[in-house]
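Have a look at the structure below, then the notes.
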Amino acid sequence: PMATRQRESSFTSCSSTSSCDADDEGVRGTCEDASLCKRFAVSIGYWHDPYIQHFVRLSKERKAPEINRGYFARVHGVSQLIKAFLRKTECHCQIINLGAGMDTTFWRLKDEDLLPSKYFEVDFPTIVTRKLHSIKLPTLLIAECVLVYMTPEQSANLLKWAANSFEVAMFINYEQVNMGDRFGQIMIENLRRRQCDLAGVETCKSLESQKERLLSNGWETASAVDMMELYSRLPRAEVSRIESLEFLDEMELLEQLMQHYCLCWATKGGNELGLKEITY
């Protein structure tokens, strides 16, 4: 079962509905951007996803090779961690995908016979709070480019709520990192010009600050790798395959981009399941 997506509500408290809508517009736009990028990468063979075509139109605009490879690494990395959790728990667990947007993980897991007991997709955490406050079976929470749009206080509260609500759990977070340098500043300015403010960017200073946020809000273990490190650990055969799909003129551009995104994961409980052993 999947919970209904709620795009009308907001992570932040607003004084009026119109100001809420205005504040959220930029964030909603990033969902569309990510979906179009994934759709394009799938269309030229980066990974197999027969479902995304039903949710996202194929853009006429060709995406840059470094963008496609970045999304390949993101999808591959998140997918590997999800599957590791599912195998450790033998699928006796639930997944809560926060800010799921057009994500097709549910159907792809179904194809591989890896569906958890329950799978929820929501866009805002209030739905999770209301429905799942007292659930104690193993729970995997996923947030891809979600926490960065919340203030550090708000994301800390969400992480604390999750750690306090579930006895055995794992949290996967994909978002920006190393945002203090010039490249990071340009990313922030470009998003700001599109009325999209990264309210939580101060937590994205480093891999250490990302891990510290998890550990200081009730999680027992925390790990983080930047996406260039993750890309370097991808199976060589897969890398050779995707790198042959299109020519990338400047490898430095890919490295610069991927060094500013990271994959983090944290666990709580589940010693008997070996959750602490999950790594990328």
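The values are calculated or read from the model by the stated rules, or taken from the named source; none is laboratory data. Treat the numbers as computed from the prediction; the structure is a model and nothing was measured. Ideal geometry is used to build each Cβ from the backbone, glycine not excepted, and the neighbour counts take in all protein chains shown. In case anyone asks, the SASA skips ligands and DNA or RNA and just uses the protein heavy atoms, side chains included. Shrake-Rupley method; radii C 1.70, N 1.55, O 1.52, S 1.80 Å.
Within a straight-line Cα-Cα reach of under 20 Å, residue 63 can be paired with the following lysines, leaving aside sequence neighbours fewer than 8 residues apart in one chain: 38. Placing +1 on each Lys and Arg Cβ and -1 on each Asp and Glu Cβ, with no other charges, gives the stretch 197-280 a dipole about its Cα centre of roughly 440 debye.
Ranked by the mean number of other Cβ atoms within 10 Å of their residues, highest first, the peptides 270-279, 31-40, 93-102 fall in the order 93-102, 31-40, 270-279. The magnitude of the dipole of the chain, with charges of +1 and -1 set on the Cβ of Lys/Arg and Asp/Glu and taken from the Cα centre, is near 660 debye. Within the stretch 205-247, the chymotrypsin sites (Phe, Trp or Tyr not before Pro) that combine a DSSP coil assignment with at most 14 other C-beta atoms in a 10 angstrom radius are 247.
Helical content of the chain, expressed as a calculated mean residue ellipticity at 222 nm, amounts to -13500 deg cm²/dmol (DSSP H runs of 4 or more residues, -39,500 (n - 2.57) each, divided by residue number, nearest 500). Take every pair of alpha-carbon atoms less than 8 Å apart whose residues are at least six positions apart; their mean separation over the length of the chain yields a relative contact order of 22 percent. The residues packed around residue 81, meaning those with a beta-carbon under 13 Å from its beta-carbon, carry a net charge of +3 if Lys and Arg are +1 and Asp and Glu are -1. Once the Cβ-Cβ distance of residue 115 and residue 238 is raised to the sixth power relative to R0 = 22 Å, the FRET efficiency obtained is 0.35. Note on residue 47: accessible area approximately 40 square angstrom, rounded to 10, probe 1.4 Å, nucleic acids and ligands left out. For Rg/Rh (Cα atoms, Kirkwood Rh), computed directly from the structure shown, the correct entry in [x] 1.14; [y] 0.99; [z] 0.94 is [z]. Using the Cβ-Cβ distance between residue 53 and residue 189 with R0 set to 35 Å, the FRET efficiency from 1/(1 + (r/R0)^6) comes to roughly 0.55.
Over the stretch 19-277, accessible surface divided per residue gives 44 Å², non-protein components excluded, 1.4 Å probe. Per-residue accessible area (protein heavy atoms, 1.4 Å probe) orders 239, 168 as 168, 239, starting from the largest.
The stretch 31-81 and the stretch 203-252 have Cα centres separated by 17 Å. For the chain, no complete DSSP H run has alpha carbons reaching 15 Å or more along its own long axis together with a mean Kyte-Doolittle score of 0.5 or higher. Among 52-64, 190-202, sorting by the average number of other beta carbon atoms lying within 10 angstrom of each residue, highest first, gives 190-202, 52-64.
Here the dipole of the stretch 20-118 is about 420 debye; that uses its Cα centre as origin and unit charges on the Cβ of Lys and Arg (positive) and Asp and Glu (negative).
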